[in-house]
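> For reference, the structure I am asking about is given below.
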Amino acid sequence: MMQGSIQERLQISPFMAAYVIVSMQIGIGVLGFQRIIAKDAGTDAWISVIGAGLTIHIIVWMMYKICETVNGDILDANVYLFGKIIGNSINTFFIFYYTVTCAGTLGGLYEIIRTWMFQSLSPFWFGAVYLLLGIYIVFGGFRTVAGTSFFGMVIPFYLLFSFGFALQYGDFTNLLPIMDHSFIELVKGGYHMSLSYLGYGILLFFYPFIKNPEQSKKFVHIGLLSTIFIYTALAVITFAYFPLGLLEKSIWATLEMWKIVRLPIIERFEYLGIANWTLIMLPSIALSLWAASRVTKRIFHINQKKSVIFIALVCLVIVVLIPTRERLNVLFNYTAIVGFSLAYIYTPLLYLLLLIKKKVKAE
């Protein structure tokens with residue numbers, strides 16, 4: 001049912017699928033998720049981090065089943081289930097979703113750089129330069145986008161070791177007593193955490209670009225486990241380092257932990273961390289641009305290079321129009337709710353409908 005098979009020279013190795021998904025999950029949320037999940041679950045929120053992470057494995061399993069059933073991506077699945085007109089109408093929504101996701105990611109990165117480093121930074125020029133780099137990557141094809149995801153994860157990996165400095169000043173009795181919150185509070189913390197995990201839905205779009213996709217499953221699930229470990233470790237270290245009352249006032253808790261890092265060759269380590277984060281965020285921007293332009297190409301038969309330029313211009317306009325923290329929060333909230341609905345409501349529903357239609361056709 002797939003609309004034209006992808007040539008093998010354009011496909012990526014199975015293990016690369018993990019880097020693509022993890023690069024979408026490790027984003028702006030890593031820098032400040034601790035305060036949000038602690039609002040309901042307190043210092044027990046690390047349990048919510050693990051719980052929310054485990055649910056992702058179920059959703060990703062469903063995503064693989066959806067793509068395997070139609071031998072294609074989610075665009076094929078929607079057309080197969082609902083017909084060409086309704087299916088493509090639903091597919092059009094993903095253009096807007098990934099365009100707004102790209103703009104929100106870029107806006108969040110701009111907010112961090114402006115707040116911590118350059119207060120007079122122009123949103124237009126910053127957005128224009130960053131999006132030009134994203135366009136250049138997409139022009140290279142999906143293999144180039146996936147390669148950027150690989151280097152965007154591997155090169156800044158050393159940043160994880162920097163949190164060892166916070167361990168020196170951590171008081172792990174802050175985490176006691178364990179399980180001091182109700183199940184409902186833990187679930188609420190898990191809901192907020194699931195919003196930081198979002199991004200793995202990109203699998204539904206690049207599945208046809210995986211060489212031997214069956215072999216990629218183990219790598220993707222290992223990648224998801226690594227994401228859970230990173231978020232859980234950061235949560236535990238943060239709760240040990242910050243008293244809960246102080247954490248409630250810390251918007252960027254991860255960045256604040258970097259402020260205590262002192263090295264002979266660098267005084268302000270958070271500047272280095274933010275500079276590295278611009279590299280970490282690049283795959284998210286490129287993947288969002290790629291997904292939105294890929295859907296545009298499939299539905300409207302517009303050259304992908306032309307559509308990615310137009311989508312990038314729309315993103316730039318949005319970034320310029322939402323330079324304030326308040327507007328960014330509104331954008332983040334709506335994008336998160338839509339992303340959560342797509343993952344935990346639409347994906348299971350699509351999977352069930354495919355099962356039903358497949359069974360009916362078999363009879």
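The values are calculated or read from the model by the stated rules, or taken from the named source; none is laboratory data. Computed from a prediction, not measured in an experiment: that's the story for all the values here. Virtual Cβ from ideal backbone geometry, glycine too; neighbours counted across all protein chains shown. SASA here: full protein model, heavy atoms, side chains in, ligands and nucleic acids out. Shrake-Rupley method; radii C 1.70, N 1.55, O 1.52, S 1.80 Å.
> List the residue ranges in the chain for DSSP H helices whose C-alpha atoms run 15 angstrom or more along the long axis and whose Kyte-Doolittle average is -0.5 or above. Before the final figure, lay out each step's value.
Numbers: long enough: 45-70 (38 Å, 1.41); 84-116 (48 Å, 0.66); 123-139 (23 Å, 1.95); 142-154 (18 Å, 1.00); 183-197 (20 Å, 0.36); 213-241 (42 Å, 0.87); 269-300 (47 Å, 0.85); 304-321 (25 Å, 2.27); 325-341 (24 Å, 0.31); 347-362 (22 Å, 0.88).
The answer, listed by residue number, is 45-70, 84-116, 123-139, 142-154, 183-197, 213-241, 269-300, 304-321, 325-341, 347-362.
> Hey, another quick one. Give me the net charge of ILE135's neighbourhood, meaning all other residues with Cβ under 12 Å from the Cβ of ILE135; Lys, Arg count +1, Asp, Glu -1. Before the final figure, lay out the partial values.
Values: positive: LYS305, LYS306; negative: none.
Around ILE135, the charge tally is +2.
> Going by average Cβ neighbours within 10 Å, how do the peptides 324-331, 335-342 rank, with the highest at the top? Present the calculation step by step, with values, prior to reporting the outcome.
Working: 324-331: 13.1, 335-342: 16.1.
Going by the mean number of other Cβ atoms within 10 Å, highest first, we get 335-342, 324-331.
> Further, regarding this structure: Based solely on its DSSP helices, what 222 nm [θ] is calculated for the chain when runs of n ≥ 4 H residues each add -39,500 (n - 2.57) and the sum is averaged over all residues, nearest 500 deg cm²/dmol? Before the final figure, lay out the partial values.
On the way: 17 runs with 263 residues, N = 363.
Calculated at 222 nm, the ellipticity per residue is -24000 deg cm²/dmol.
> If packing is taken as the average count of other Cβ atoms within 10 Å, what order do 51-61, 187-197 fall into, highest mean first?
Values: 51-61: 17.7, 187-197: 21.9.
The densest-packed peptide leads the list: 187-197, 51-61.
> Moving to a separate point now. Once amide H atoms are built 1.01 Å from N in the peptide plane, which residues 5 or more positions from ILE210, or in another chain, come under 5 Å H to H?
Placed amide hydrogens put ILE12 under 5 Å from ILE210.
> Count charges around MET179 for me, please; just the other residues with Cβ under 11 Å from its Cβ, Lys/Arg as +1, Asp/Glu as -1.
Numbers: positive: none; negative: ASP44, ASP180, GLU185.
So the surrounding residues net to -3.
> Still on this structure, I have one more. What fraction, in whole percent, of alpha-carbon pairs in the stretch 7-358 exceed 29 Å separation? Could you put the intermediate results ahead of the total?
Working: 24211 of 61776 pairs.
In whole percent, the long-distance tail amounts to 39.
> Related question: In whole percent, how big is the carbon plus sulfur part of the accessible area of the stretch 242-363, probe 1.4 Å, protein atoms only? Let's see the in-between values first.
Details: 4360 of 6330 Å².
Carbon and sulfur: 69 percent of the exposed surface of the stretch 242-363.
> For the chain, what is the relative contact order in percent, using Cα pairs closer than 8 Å and at least 6 residues apart in sequence?
Details: 480 pairs, mean separation 141.6, N = 363.
With pairs under 8 Å counted, the relative contact order is 39 percent.
> Could you provide, to the nearest whole Å², the per residue accessible area of the stretch 7-358 with probe 1.4 Å?
On the way: 15530 Å² over 352 residues.
Per residue, the stretch 7-358 has an accessible area of 44 Å².
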